[in-house]
Amino acid sequence: MKLDKKLLAILLFAFILWVWNIGSVDLVSDDALYSFRALGWHDYLAAEGQTTPFQWFDSFPWWANLSFHDAPPLVFAIQKIFFVIFGDNPFGARLPFVLAMAATLYFVFLIGKELHSKKAGYLACFLMAIMSLAAYGAVAGLLEGVEVLFIVLAIHFWVKFIKTDDNKYLYLLFIFFSLALMSKYTAVFLPLAFLTDILFFRRGV
């Protein structure tokens, strides 16, 4: 497989742009809450208006450790692995989101290439790399930073299914949709996008 230097340059540019300063700024908002809960695997929030299982039960049940009361467990589990490897610091907290967004860029390129052309893939990848919203997703440490990767992967395999009519891509789509749903419950709306595509653009599917 020939190395795609243009794509590699875009991905390296984006990665360096996002990663260079992630360890120097402390966690101060929802990212701090997510990181705290991932680090200790504690479903706890210091908020009177939103209680958690620590307040609900006198004796904490084993099954309450399988997830969190307001979010699925996948991103917390990924972040915990990075804490084990890199330590409990802002760099370890944010790195998984930077890597997830960099991987997202790659699959955005593939989608653009599949739908139109290689040039369209490069353009889509580069435009996303310099978007402030993508940069925010890469460094903010929020659940969406990983969720978007699995959403884009699901879309990628939807496009592959449309192009090839090979059912194996539907199975892959379902897998990555499930992972998106295990990252954040807002992914539940993703099938509506595929249904809309079928109803209005691909009635022969």
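Positive end of the charge dipole of the chain (Lys, Arg +1 and Asp, Glu -1 on Cβ, about the Cα centre): tell me which of 42, 152, 23 has its Cα farthest that way.
The one lying farthest along the dipole's positive direction is 152.
Testing the spin-label approximation: label points 7 Å from Cα along Cα→Cβ at residue 51 and residue 167. State their distance in nm.
4.9
With +1 on each Lys and Arg Cβ and -1 on each Asp and Glu Cβ, how big is the dipole of the chain about its Cα centre, in debye rounded to the nearest 20? If you can, show how the numbers build up before the last one.
Numbers: 15 positive and 15 negative charges, 253 e Å.
Magnitude of the dipole: close to 1220 debye.
Given R₀ = 35 Å, what would the calculated FRET efficiency be for residue 136 paired with residue 198, taking r from the Cβ atoms and rounding to 0.05?
Numbers: r = 32 Å, r/R0 = 0.91.
After rounding to 0.05, the efficiency reads 0.65.
Of the chain, which part is the longest with no chymotrypsin sites (Phe, Trp or Tyr not before Pro) in a loop (DSSP not H, G, I, E, B) and with at most 12 other C-beta atoms within 10 angstrom? Before the final figure, lay out the partial values.
On the way: sites that count: 20, 41, 57.
Answer - 58-205.
Return the aspartates and glutamates within reach of residue 184: Cα separation strictly under 15 angstrom, same-chain partners fewer than 8 residues apart disregarded; answer none if there are no such residues.
30, 31, 70, 144, 147
From the Cα trace of the range 21-87, what convex hull volume per residue do you get, rounded to a whole Å³?
Values: hull volume 6.6 nm³, N = 67.
Convex hull volume per residue, Cα atoms: 99 Å³.
Report, ordered by chain and residue number, the lysines lying within cross-link reach of residue 113, taken as a straight Cα distance under 18 Å and ignoring same-chain residues fewer than 8 apart.
2, 5, 6, 160, 163
Taking a cut-off of 12 Å between Cα atoms, list the aspartates and glutamates near residue 80, but don't count ones fewer than 8 places away on the same chain.
Partners within reach: 88.
Would you mind computing, in nm to one decimal, how far apart the modelled labels at residue 70 and residue 13 are, each placed 7 Å from Cα along Cα→Cβ?
Label at residue 70, label at residue 13, 3.8 nm between them.
Stokes-Einstein diffusion coefficient for the range 5-201 at 20 °C in a medium of 1.002 mPa s, Rh from the Kirkwood formula over Cα pairs: what value in µm²/s?
Values: Rh = 18.1 Å.
The diffusion coefficient I find is 118 µm²/s.
Within 15 Å, Cβ to Cβ, of residue 7, how many net charges do the neighbouring residues add up to if Lys/Arg are +1 and Asp/Glu are -1?
Details: positive: 2, 5, 6, 113, 118, 119; negative: 4, 114.
Value of the local net charge: +4.
Since every read-out is calculated from the coordinates, none of them should be taken as a lab result. Predicted model, so just to flag it, every value in this text is computed and none were measured. Positions of Cβ are generated from backbone atoms using ideal geometry, with glycine treated the same way; all protein chains shown enter the neighbour counts.
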